[in-house]
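Here the structure comes first, spelled out in structure tokens, and everything after it is commentary.
None of the figures in this text is laboratory data; all of them are computed from the coordinates on show. Please read all numbers here as calculations on a predicted model, not as lab measurements. Every residue, glycine as well, gets a Cβ built from its backbone with ideal geometry; the counts of neighbours run over all protein chains shown.
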Amino acid sequence: MQKNKLPAWFKGECYEKGSLVTNPFSGETYELNAEELSMYDFIMGSQLVMEMTPKATTPEAIKDFQKGLDWFRSKNSSAYMVLLD
């Protein structure tokens, strides 16, 4: 996968392959490509870290989390509605 398909600010892991992802609350699934899966895992990981260490959460971390959500919503709004909304 080419990292240039992800935004320059993205510092997460860039996967080679996509995967089927299941929303843990609804049970709905969606097939994500490699870039979408990379961003999805970044979003979910960021959320987990912010929930577990709220005092250590920086404004930059919150900003990157929001940018990740915005990127995902703009690239695949259908998957966003199923997995993140």
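Mind listing whichever residues of region 51-70 are more than 14 Å from ASP85 (Cα to Cα), free of Cβ contacts under 8 Å to residues at least 60 places away in the same chain and in contact with a Phe, Trp or Tyr (Cβ under 7 Å, 6 or more places away or on another chain)?
If the condition is that a residue be more than 14 Å from ASP85 (Cα to Cα), free of Cβ contacts under 8 Å to residues at least 60 places away in the same chain and in contact with a Phe, Trp or Tyr (Cβ under 7 Å, 6 or more places away or on another chain), then ASP64 is the only one that fits.
It is to be established whether one or more residues within region 22-35 are buried (at least 17 other Cβ atoms within 10 Å of the Cβ), assigned to a helix (DSSP H, G or I) and free of Cβ contacts under 8 Å to residues at least 24 places away in the same chain.
no
Quick check: is even one residue across region 4-14 without any contact (Cβ under 8 Å) to a residue 24 or more places away in the chain, in contact with a strand residue (DSSP E or B) (Cβ under 7 Å, 6 or more places away or on another chain) and not basic (Lys, Arg)?
Within region 4-14, none of the residues are without any contact (Cβ under 8 Å) to a residue 24 or more places away in the chain, in contact with a strand residue (DSSP E or B) (Cβ under 7 Å, 6 or more places away or on another chain) and not basic (Lys, Arg).
Kindly indicate whether any position in region 37-50 is part of a loop (DSSP other than H, G, I, E, B) and more than 20 Å from LEU6 (Cβ to Cβ). Before you say what the answer is, go through the steps one by one.
Taking region 37-50 first, the residues part of a loop (DSSP other than H, G, I, E, B) are none.
Among the residues of region 37-50, not one is part of a loop (DSSP other than H, G, I, E, B) and more than 20 Å from LEU6 (Cβ to Cβ), which makes the answer no.
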